Amino acid sequence: MSILIYAESAEGKFKKTAFELASYAKKIAGETGTTVTAVAVNVTDAFALGGYGVDKVLKVTNDKLKTFNAKAYADVIKQAAEKESAKFVLFSSNTDSLYIAPLVAVGLNAGYASNVVALPESLAPFKVKRNAFSNKAFNITEITTDIKVLAIAKNSFGLVESQASATEEDFAPSLNDADFSVKVESSEKITGKVTIADAEVVVSGGRGLKGPENWGMIEDLASVLGAATACSKPVSDMGWRPHSEHVGQTGKPVAANLYVAVGISGAIQHIAGINSSKVKVVINNDPEAPFFKVADYGVVGDAFEIVPKLTEKIKEF
Ligand code: FAD
């Protein structure tokens, strides 16, 4: 028996979430006396996972998988789980796993819990803590099936390094045309920008910025912080920023280490998408803005004065 993790990568390198999942899996493996196997697609640095407790990496190399395809990826992970007789299959909770994990769970006849935020409360019966109601509450979910599929929320479990090393094994799952029934005709790569989902730091702007012409100062601050840029819903609705930057209940979730909100009031629907972020900094000229209630650091003042000064100060470091 083993614990299987799906180790996500971009351009051949593992994402931080792969190391988080490995650390989480290692902890369960320690308590259940099992091993940790990772399945990774088109990676060049498979050995790196050994440093976080993975015993074996199943390396899948396939040009057809260079473009994300939920059905094909689900098939790869299901076959890896069957090969390893995995009792747990772990994903990072994000947009991709939203598609893949349920398909894998159905294929393995497994129970599935998404948005898991902590190690299991108990292993028998198996109970885990999850975020619920747009992260406004927690619930404890019991899974009674033999195989369990879990999607772990980003940043909910720290990285735990290990001295061990991982063995590598080439794995060639059988994929057929039906796996590629959805075809991507073209895809455009945006270079030089950190994506919201992968960002450790996000700088976000709201209607308080008055118009798209003022976004330069948000981009300057994001640039010195190595951050992704984001925005509130009305900002993207008005076309000031692309919809891909809209965060919140109806937009993208943000689980960054640092979230800087500029000129955003802090409506419940916005907070719902960002409250998994660790440190929240709010800049707003209204001391009564609801965002201050959930802020770790708040600056009451005019964003047009504060943001450029903050950017200049950070440049000095
Ligand atoms: P406003 O509410 O207009 O706030 C602007 C803020 O800027 C104010 O607090 C003001 O004090 C401040 N400000 C003004 N000038 C300055 C200045 N010079 N310096 C500093 N601060 C200044 N919203 C989302 O963001 N994400 C969602 O996913 C989302 N989903 C929704 C789903 C539903 C079903 C509904 C009904 C609404 C949803 N909304 C969502 C909209 C949400 O309710 C708010 O209307 C929205 O978040 C407000 O955006 P805002 O804070 O940018 O604008």
Taking the Cα atoms only, what angle lies between the long axis of helix 95-108 and the longest principal axis of the chain, rounded to 10 degrees? 20 degrees
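If the chain between LYS278 and SER85 were fully stretched, how many nm would it gain, using 0.36 nm times the residue separation less the Cα-Cα distance? All intermediate terms of the calculation are to be shown ahead of the outcome.
On the way: separation 193, 0.36 × 193 = 69.48 nm, distance 3.59 nm.
Between LYS278 and SER85, full extension yields 65.9 nm more.
For Cα pairs less than 8 Å apart in space and 6+ apart in sequence, what is the mean separation divided by the residue count of the chain, i.e. the relative contact order in percent? Don't skip to the end; give the middle numbers.
Numbers: 685 pairs, mean separation 45.0, N = 317.
So the answer I get is 14 percent.
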If I model a spin label as a point 7 Å beyond the Cα along the Cα-Cβ vector, how far apart are those points for ASP45 and HIS243 in nm? 3.4 nm
How far is the Cα center of the stretch 130-155 from the Cα center of the stretch 1-73, in Å? 20 Å
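Where the only charges are on Cβ atoms (+1 Lys, Arg; -1 Asp, Glu), what is the dipole of the stretch 1-158 about its Cα centre, to the nearest 20 debye? The partial results should precede the final answer.
Numbers: 19 positive and 14 negative charges, 47 e Å.
Dipole of the stretch 1-158, to the nearest 20 debye: 220 debye.
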Output wanted: per-residue J couplings in Hz (rounded whole) for the stretch 255-272, from phi through Karplus 6.51 cos²θ - 1.76 cosθ + 1.60, θ = phi - 60°, x for Gly and Pro. 10, 8, 6, 9, 10, 10, 10, 10, x, 10, 6, x, 5, 3, 5, 6, 4, 3
Here FRET efficiency (C-beta to C-beta, ILE140 to GLU213, R₀ 45 Å, nearest 0.05) is 0.40
Please compute the length gained on full extension between THR195 and ASP177, using 0.36 nm multiplied by the number of residues separating them and subtracting their Cα-Cα distance. 3.4 nm
Using amide H atoms built 1.01 Å from N in the peptide plane, name the residues 5+ places from SER114, or on other chains, whose amide H lies under 5 Å from its own. ALA151
Estimated vicinal HN-Hα couplings, Hz - the stretch 284-296 in sequence order (Karplus 6.51, -1.76, 1.60; Gly, Pro = x): 7, 7, 10, x, 8, 4, x, 4, 4, 5, 10, 7, 8
Please work out how much length the chain gains when fully extended from LYS13 to THR250, using 0.36 nm per residue of separation minus the C-alpha to C-alpha distance, in nm with one decimal. 82.3 nm
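Under the rule a/c < 1.5 gives rounded, and otherwise a/b versus b/c splits prolate from oblate, where does the stretch 210-317 land using the Cα gyration tensor?
Working: a/c = 1.35, a/b = 1.18, b/c = 1.14.
Rounded shape, in that the Cα axes give a/c under 1.5.
So if we plug the beta-carbon distance of ALA132 and PHE68 into 1/(1 + (r/R0)^6) with R0 = 30 Å, what FRET efficiency do we get, rounded to 0.05? Mind dumping the intermediate values first?
Numbers: r = 27 Å, r/R0 = 0.91.
It comes out at approximately 0.65.
What number, rounded to the nearest 500 deg cm²/dmol, is the helix-based mean residue ellipticity at 222 nm of the chain, given -39500 (n - 2.57) per DSSP H run of at least four residues and division by all its residues? Display every interim value, and only then the final one.
Numbers: 7 runs with 80 residues, N = 317.
Computed ellipticity for the chain at 222 nm equals -7500 deg cm²/dmol.
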Size of charge dipole - the stretch 196-317 - debye, nearest 20, with Cβ of Lys, Arg +1 and Asp, Glu -1, no other charges: 260 debye
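Once the Cβ-Cβ distance between TYR99 and VAL160 is put in as r, and R0 is 30 Å, what FRET efficiency do you end up with, to the nearest 0.05?
Working: r = 28 Å, r/R0 = 0.94.
Efficiency, rounded to the nearest 0.05: 0.60.
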In terms of the Cα gyration tensor, with a ≥ b ≥ c the square roots of its eigenvalues, is the stretch 155-236 rounded because a/c is under 1.5, prolate because a/b exceeds b/c, or oblate? oblate
Residue by residue through the stretch 61-66, which ³J(HN,Hα) values in whole Hz follow from phi under the Karplus form 6.51 cos²θ - 1.76 cosθ + 1.60 (θ = phi - 60°), with glycine and proline marked x? 10, 7, 4, 5, 8, 5
Could you list which residues have their amide H under 5 Å from that of VAL160, counting only those 5 or more apart in sequence or on another chain, with H placed in the peptide plane? SER23
Sort 111-119, 253-261, 309-317 for me by packing, meaning the mean count of neighbouring Cβ atoms within 10 Å per residue, highest on top. 253-261, 111-119, 309-317
Neighbour-count order for ILE271, ILE28, fewest beta carbons within 10 angstrom listed first: ILE28, ILE271
Amide hydrogen neighbours beyond the local backbone of GLY298, cut-off 5 Å, H modeled: VAL282
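Antiparallel versus total DSSP beta bridges in the stretch 77-211: what percent is that, nearest 5?
Taking every DSSP beta bridge within the stretch 77-211, about 45 percent pair in antiparallel fashion.
No value in this document is a laboratory result; all are computed from the given coordinates. Note that the structure is predicted; figures quoted are calculated from it, not measured. When we count neighbours, we look across all protein chains shown, and the Cβ atoms used for this are built from the backbone with ideal geometry, even at glycine.
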